Amino acid sequence: MSTHSLIGILFDDNIEYVYCHFDGYPEHMLPILTQKYANNTKAFELVSLGNLSYISQEGAEAFHIDQGEGWEGNQPVQGASMGEFKSDMERLYADHGYLFDCQKKQWLHIKR
């Protein structure tokens, strides 16, 4: 069974985010995000990969790069509001959401 999550970036009241299929629980995700993706550049690089199968200390697996799926349908959602982010958490059965706040330079955890 998978623990789905959304991973995104919060900047200028806009959110850009992707779906992550596996291991979205905070005990797995937060150490990786706070250690490997702890600044604006790294967080943007992660989200720019598009929808993800998983992330680990070794890296991330993106559907369109590593699994041969098309870019269309796996692109990051851009220009979303917090309401849209939370709505997509419900729609995609994502138990957890993670947002890198570019102003505060920290990861936020949102539970569905």
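Values in this text are rule-based calculations from the coordinates and carry no lab data. All figures in this text were calculated on a predicted structure; none of them were measured in a lab. FYI the Cβ positions are ideal-geometry reconstructions off the backbone, even for glycines, and counts take in every protein chain you see.
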Restricted to the range 84-108 and to residues being under 17 Å from Tyr54 (Cα atoms) and in contact with a helix residue (DSSP H, G or I) (Cβ under 9 Å, 6 or more places away or on another chain), the residue surrounded by the fewest Cβ atoms within 10 Å (Cβ to Cβ) is Asp95
The lone condition Ala94 fails out of (1) of a type in the set (Gly, Ala, Ser); (2) in contact with a His (Cβ under 8 Å, 6 or more places away or on another chain); (3) more than 21 Å from Gln106 (Cα to Cα) is (3)
Note on the range 64-83: residues out of contact with any strand residue (DSSP E or B) (no Cβ under 6 Å at 6 or more places or on another chain) and either surrounded by 13 or more Cβ atoms within 10 Å (Cβ to Cβ) or within 24 Å of Lys111 (Cβ to Cβ) (or both) are His64, Ile65, Asp66, Glu69, Asn74, Gln75, Ser81, Met82, Gly83
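Can you name every residue in the range 29-52 that is among the hydroxyl-bearing types (Ser, Thr, Tyr), more than 13 Å from Gln106 (Cβ to Cβ) and surrounded by 13 or more Cβ atoms within 10 Å (Cβ to Cβ)?
Residue satisfying the conditions is Ser48 alone.
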Subset of the range 36-55, residues out of contact with any Lys or Arg (no Cβ under 9 Å at 6 or more places or on another chain) and of a type in the set (Gly, Ala, Ser), comes to Ala43, Ser48, Gly50, Ser53
